[in-house]
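Where a number appears in this text, it was derived from the coordinates with a stated rule and is not lab data. Remember, it's a predicted structure, so these values are computed and weren't measured experimentally. Every residue, glycine as well, gets a Cβ built from its backbone with ideal geometry; the counts of neighbours run over all protein chains shown.
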Amino acid sequence: MSNFKHVIESPLDYVIIQPAPESHILIINEELCEQCENKPCTYYCPSRVYSWDEGIKVNYVRCIECGACPYACPQQNIAWQYPSKGYGIQYGILTERKLTVESGK
Ligand code: SF4
Ligand code: SF4
């Protein structure tokens, strides 16, 4: 029974996202996107960063840094890098919420 709290914890208790002020994702040539069949970035990204609304839209603050998009774009049209130091997603952090859960407050 002592492990029960660990079962009901959300994995998100260990995740912090600190969006950078500027995007770490660059579409190299937006004209290529217009000709891109099916626009696969709009469905392969697990965090729905890409969308299409009369042009490619990149909601970079949603990025969970899986690293897939530069490889999955059929046109090699995405320049992706990690966000600058101190920004982006961090895993394994003991968040204030988790501390509250463990202390029972
Ligand atoms: S998959 Fe690549 S080329 Fe196609 S719409 Fe997305 S970014 Fe543009
Ligand atoms: S790195 Fe992953 S989560 Fe971030 S935009 Fe690319 S596919 Fe989406």
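For (1) free of Cβ contacts under 8 Å to residues at least 24 places away in the same chain; (2) surrounded by 15 or more Cβ atoms within 10 Å (Cβ to Cβ); (3) within 11 Å of ligand 1 (Cβ to nearest atom), each residue gets a yes or a no:
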| position | (1), (2), (3) |
| --- | --- |
| 25 | no, yes, yes |
| 32 | no, yes, yes |
| 50 | yes, yes, yes |
| 66 | yes, no, no |
| 78 | no, yes, yes |
*Return the residue satisfying two criteria in turn: it lies in the range 39-59 and is part of a helix (DSSP H, G or I) and more than 7 Å from ligand 2 (Cβ to nearest atom), and of such residues it is farthest from residue 24 (Cα to Cα).*
43
_Criterion (farther than 19 Å from residue 86 by Cβ, surrounded by 13 or more Cβ atoms within 10 Å (Cβ to Cβ) and within 10 Å of ligand 2 (Cβ to nearest atom)) met by exactly one of 73, 36_ = 73
